[in-house]
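Engineer: The structure is given below, and queries will be raised subsequently.
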Amino acid sequence: MIESIQCRNNIVQPTIVSLLAMRAEQQPSQVAYTFVSDCGGARQVSYSELDRRASAIACMLAELGLRGQPTMLLYPPGLDYIAAFFGCLYAGAIAVPACPPDPTRLAPSLPRLAAVARDATPAAVLTTAAIGTTLKSLSGSSPELSRARIVTTDQ
């Protein structure tokens, strides 16, 4: 069954979550997203793979009780971010996208990230193992970031 929302003009519209689930079922091997890196390399993810990854992330979020909770997404540009974003939508968590801290430029990037964390008060931070390690090492520098649980999604 496809979830939908009722619009003001009484036209029922499917949600982005229901569209991904429908495409994963009806067109599983079709490319959902293509990410082209700065160096020109391209990576793709099919609807079924994106649905599988998003569902796994949603299960983690549900087990942590994060439905309705702000969840910061700290990923480099790419398909991991897309999977985490859809995982938040599947779980009913509030996705808070932010740029991860740049280890070579911590002076400008850490205060900006701390400000986002202060405003959003995320219950968790979804990220990669590498960025998670960096965040743990910076936790003393930013109390706003140290309050949120760090959840890595690439392992």
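Engineer: What percentage of the solvent-accessible surface of the stretch 13-100, computed with a 1.4 Å probe over protein heavy atoms, is contributed by carbon and sulfur atoms?
Structural biologist: Working: 2550 of 4580 Å².
Carbon plus sulfur share of accessible area: 56 percent.
Engineer: Please check: in the Gaussian network model of the chain (C-alpha springs, under 10 Å), which one of G92, G140, G41 has the largest mean-square fluctuation.
Structural biologist: In this elastic network of the chain, the residue with the biggest mean-square fluctuation among G92, G140, G41 is G41.
Engineer: Restricting to bridges with both residues inside the stretch 36-155, how much of the DSSP beta-bridge set is antiparallel, in percent to the nearest 5?
Structural biologist: Details: 1 of 14 bridges.
Restricted to the stretch 36-155, the bridges split so that about 5 percent are antiparallel.
Engineer: May I pose another question? Given the options Q26, Q69, Q44, state which has the largest fluctuation in a GNM of the chain using a 10 Å cut-off (strictly under) for Cα springs.
Structural biologist: Per the Cα network of the chain with a 10 Å cutoff, Q26 tops the list.
Engineer: Additional query: Which residues among the stretch 113-153 fall inside the zone where the amide N is under 17 Å from a point 7 Å beyond the Cα of Y33, along Cα→Cβ?
Structural biologist: Answer for this model: 126-129, 152-153.
Engineer: Something else about it: Solvent-accessible area per residue for the chain at a 1.4 Å probe radius, Å²?
Structural biologist: Working: 8920 Å² over 155 residues.
Accessible area per residue, the chain: 58 Å².
The values are calculated or read from the model by the stated rules, or taken from the named source; none is laboratory data. Because the structure is a prediction, the values reported are computed rather than measured. Positions of Cβ are generated from backbone atoms using ideal geometry, with glycine treated the same way; all protein chains shown enter the neighbour counts. The accessibility values were calculated without ligands, DNA or RNA, using every heavy atom of the protein model including side chains. Shrake-Rupley method; radii C 1.70, N 1.55, O 1.52, S 1.80 Å.
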